[in-house]
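Engineer: I have a structure here, written as structure tokens, and I will follow up with some questions on it.
The values are calculated or read from the model by the stated rules, or taken from the named source; none is laboratory data. Worth saying up front: this structure is predicted, and the values here are computed from it rather than measured. Please note that ligands, DNA and RNA were not included when accessible areas were found on the heavy atoms of the full protein model with its side chains. Shrake-Rupley method; radii C 1.70, N 1.55, O 1.52, S 1.80 Å.
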Amino acid sequence: DRTQKFIDVAKAQVGKPYVFGADGPNAFDCSGLIHYALNKAGVNAPRLTADGYKNLYRGSSVNRANLQPGDLVFYYYPNDRGIPPGHASHIEIYLGHGKTMGTDNPSEGARVEPIDWNAFIGGARVPGLHKR
């Protein structure tokens, strides 16, 4: 199933370095990892920013209570890139059980970690990933 493949491809990148603007296969930024894993899972997704994916999938947004493994989660963190509050400055993959997979830190690289509810601004279900 595409959702499991998306998760498995992403998790296979654990430990790879974070590099701003990178989209694999040797290094990734947050949205580069999403792009890489979606396409490997058979979803023809464009290369966008975190906020770009939030806009692209706004028609299939999900709230905190309805998150399922394979959903995208969007965060807002204060930043020096001109991204205003309410817009996504970061994106990760929800794995279930309060865990996410993503990359945002050069010192840690791609990793699985607890979801950051303090920065969470929404989720989205990728059309074509989940069977309806």
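Engineer: If each Cα of the range 1-49 is one equal point scatterer, what is log10 of I(q)/I(0) from the Debye formula at q = 0.19, 0.25, 0.28 Å⁻¹?
Structural biologist: Here log10 of I(q) over I(0) equals -0.52, -0.86, -1.03.
Engineer: Something else about it: Give me, ordered by chain and number, the residues 5 or more places off residue 88 or on other chains with an amide H under 5 Å from its own placed amide H.
Structural biologist: Counting only residues 5 or more places away or on other chains, the set is 51.
Engineer: To continue, here is another question. Leaving out ligands and nucleic acids, note down the accessible area per residue over the range 37-118 with a 1.4 angstrom probe, in whole Å².
Structural biologist: Here the residues of the range 37-118 average 51 Å² of exposed surface.
Engineer: Return the sequence-ordered ³J(HN,Hα) values of the range 39-56 in whole Hz as given by the Karplus equation 6.51 cos²θ - 1.76 cosθ + 1.60 applied to θ = phi - 60°, using x for Gly and Pro.
Structural biologist: Working through the residues one at a time gives 5, 5, 8, x, 9, 7, 10, x, 8, 10, 7, 4, 5, x, 5, 4, 5, 4 Hz.
Engineer: As an exercise, take the mean of 1/r over every pair of distinct alpha carbons in the range 58-119, invert it, and state the Kirkwood radius in angstroms.
Structural biologist: Value: 12.4 Å, from the Cα pair sum.
Engineer: Please compute the alpha carbon radius of gyration of the chain, then divide it by the globular-protein estimate 2.2 N^0.38 Å. Two decimals is fine.
Structural biologist: Rg over 2.2 N^0.38 Å, computed on Cα atoms: 0.93.
Engineer: Could you tell me what percent of the accessible area of the chain is made up of carbon and sulfur, with a 1.4 Å probe and every protein chain present?
Structural biologist: Here carbon and sulfur together make up 50 percent of the probe-accessible area.
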